Each structure stands twice: as C-alpha cells, then as structure tokens.
Amino acid sequence: MSAKNSKYTLFSRENIVQILGLVFSFVVLHAIFTLHIRPRAEAVTITQQVLREQDGGREGYVPERNIYIILKNYEQESCFILLSWAMIIIIYKLYLVYNEKRIMGETFVDIEKGERIIPQEALSHCKHLQSRFKNRPDFVGKLLPTVVLTALHRFHSTHSIQDVSQAVREISESEADRLDSDLSLVRYIAWAIPSVGFIGTVRGIGEALAQADQAIRGNIQGVTTSLGLAFNSTFVALVLSIILMYFIHLLQSRQESLIFDVEEYCREKLIAVMKIPYQEETEVTFT
C-alpha cells in the first residue's frame with residue numbers, strides 16, 4: 001500500500017479491480033433484474049389486476065406492497081449496480097488492509113533483549129532487511145517494511161532519534177492522505193446512489209403529472225403507478241446509501257487503525273531500541 005508510481009498506471013491492479021468490478025456488477029445485476037425481478041413484478045401486477053377485477057373494481061381495494069414491484073424500475077437497478085461496484089472496491093481495500101496487518105507480527109530487526117541499535121549499525125540492519133525482503137514477495141510494497149527501512153536509513157544518516165520519529169510520522173501521514181484520496185471513487189458512488197433515486201422521483205412525478213387528465217376522469221391507476229416509481233426509487237436509493245455509508249465508515253476505521261498500528265510498532269520495536277552513543281551525545285551538547 002505504499003505510494004508507488006506503478007499503482008496509478010492504467011493497468012494497475014486497483015484500476016483493473018475497479019473496471020472488472022463495474023463490468024461484473026452490471027452484467028450480473030442486469031441479468032437478475034431482466035430474468036427474475038421484472039418478470040416476477042409483471043406477474044404480481046397481473047395478479048393484482050385480477051384481484052381488483054374480482055373485487056368489483058371498488059375504490060377501496062388496496063394492493064399489497066411487493067418487493068418485486070418496489071425494485072423493478074431501472075433507477076433501482078442502477079442503484080444496486082452502483083452499490084455492488086462500491087462493495088467490490090471496499091472489499092478489495094479491506095483485503096489490502098488485512099495483508100498489511102498480517103505482517104505486524106513479523107520481527108524486522110533481529111537484536112537480543114537489552115541490545116540497542118546505534119547509528120553505525122543501522123545501515124547493516126537495513127541491508128539485512130533488504131536481502132530478506134528479496135525472499136519475501138509478500139513484503140514488497142507494504143507500508144510497514146517501507147517505514148522500517150526509511151527509519152533505519154534516516155537514523156544512519158542523521159544520528160538523530162528525533163529525526164527518525166519525524167520520518168515515521170511523515171510517512172504515516174502521507175500514507176493516510178493517500179488512503180483517504182483513494183476513497184474518492186467510493187465517495188462519489190455514495191453520492192450518486194441517492195442522486196439516481198431522485199432522478200427516479202422526478203421521472204415518476206413527471207409521468208404522474210402527464211396523466212393528471214386521466215385522474216380527473218376517474219382513472220387514477222396510471223398516476224398511482226407513476227407515483228409508485230417516484231417513491232420506490234427514492235426509498236431504495238436511501239436504504240442502499242445508508243448501507244454503503246456504513247461500509248465506507250468500516251473501511252476508514254480499518255485504514256486509520258492500520259496507520260496507528262504502524263506508528264505504534266515503530267515506536268515500540270524500533271525507535272525504543274535506538275540509542276546514540278554517549279560520545280556523540282557529548283559532541284552534540286558541546287557543539
């Protein structure tokens with residue numbers, strides 16, 4: 001999850017996941033709506049018409065609300081496609097966070113209990129880690145190994161524990177900003193879902209107004225059907241938006257926890273075992 005230029009190329013893994021997620025969501029959900037939901041909604045509508053006729057066409061007849069009737073329109077289908085697309089992206093990002101946290105139990109700096117890392121030895125530890133990472137492909141591109149290597153390099157070059165701490169903080173903040181920026185598409189989808197629902201509302205109300213003359217003559221079936229589209233699309237969009245916002249919050253909390261765990265790991269298992277020799281401290285004090 002480190003910021004690598006290859007991550008932002010057209011054929012990067014994340015872009016491929018986004019494109020395939022959209023294609024998969026559209027194909028699968030469109031097939032479900034076309035082959036199952038709309039035929040069932042049509043069958044339910046016919047059944048309700050028969051029951052209305054058997055009831056003698058009285059105005060008191062109220063058809064039962066049916067899930068297929070609520071979901072049948074194209075606006076609801078679009079909302080489900082957007083939700084599925086966003087969920088695929090979120091699941092992929094949660095998988096990345098899981099892979100990052102999975103290596104938290106690794107020991108990156110092999111030192112004995114009570115031993116300390118001095119600036120002169122930091123480079124040898126760094127080289128040892130680099131050679132170790134060549135045999136562990138699962139470490140490539142991960143945040144924690146990158147932060148550990150950077151901290152060791154900084155300690156060797158600056159001989160300052162404070163600079164190491166600052167470097168860890170800067171990398172963590174940069175990664176947090178990048179993770180937040182990567183959620184822009186998911187946030188856009190979370191905004192688009194209720195917007196699509198409102199489009200259905202406007203379309204339904206427009207169709208209802210266009211049939212107002214029939215309602216004046218006593219035929220209100222067309223108006224009620226159009227108003228059903230208006231309210232059903234808004235209802236479905238708002239419910240799906242609430243569901244999506246929960247998973248966005250869940251993903252953000254996992255990502256923030258990852259950044260916190262990386263900083264905590266570096267403080268407890270790296271910075272805490274660093275030490276500047278007394279001679280260098282004396283030289284810095286007199287300087």
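Based on this model, can you work out whether ILE118 counts as out of contact with any helix residue (DSSP H, G or I) (no Cβ under 8 Å at 6 or more places or on another chain), hydrophobic (A, V, I, L, M, F, W, C) and surrounded by 12 or more Cβ atoms within 10 Å (Cβ to Cβ)? Can you show your working first?
Numbers: out of contact with any helix residue (DSSP H, G or I) (no Cβ under 8 Å at 6 or more places or on another chain): yes; hydrophobic (A, V, I, L, M, F, W, C): yes; surrounded by 12 or more Cβ atoms within 10 Å (Cβ to Cβ): yes.
Against the criterion (out of contact with any helix residue (DSSP H, G or I) (no Cβ under 8 Å at 6 or more places or on another chain), hydrophobic (A, V, I, L, M, F, W, C) and surrounded by 12 or more Cβ atoms within 10 Å (Cβ to Cβ)), ILE118 qualifies.
Scan region 46-69 for residues that are modelled with pLDDT of 75 or more, farther than 17 Å from SER233 by Cβ and of a type in the set (Ser, Thr, Tyr) and the total you get is 1. Scanning region 144-178 for residues that are crowded, with 18+ Cβ neighbours inside 10 Å and farther than 27 Å from GLU121 by Cα gives a single hit, GLU175. Could we say that LEU209 is crowded, with 17+ Cβ neighbours inside 10 Å and either modelled with pLDDT of 90 or more or farther than 24 Å from ILE90 by Cβ (or both) here? No, not satisfied.
Whether a residue is farther than 22 Å from VAL97 by Cα and part of a helix (DSSP H, G or I) was assessed, and VAL262 does not pass this test.
Determine whether SER181 is surrounded by 13 or more Cβ atoms within 10 Å (Cβ to Cβ), modelled with pLDDT of 90 or more and in a helix (DSSP H, G or I). No.
The values are calculated or read from the model by the stated rules, or taken from the named source; none is laboratory data. What you are looking at is a predicted structure, and each value in this text was computed from that prediction instead of being measured. Here Cβ is always computed from backbone atoms with ideal geometry, including for glycine, and neighbour counts include all displayed protein chains.
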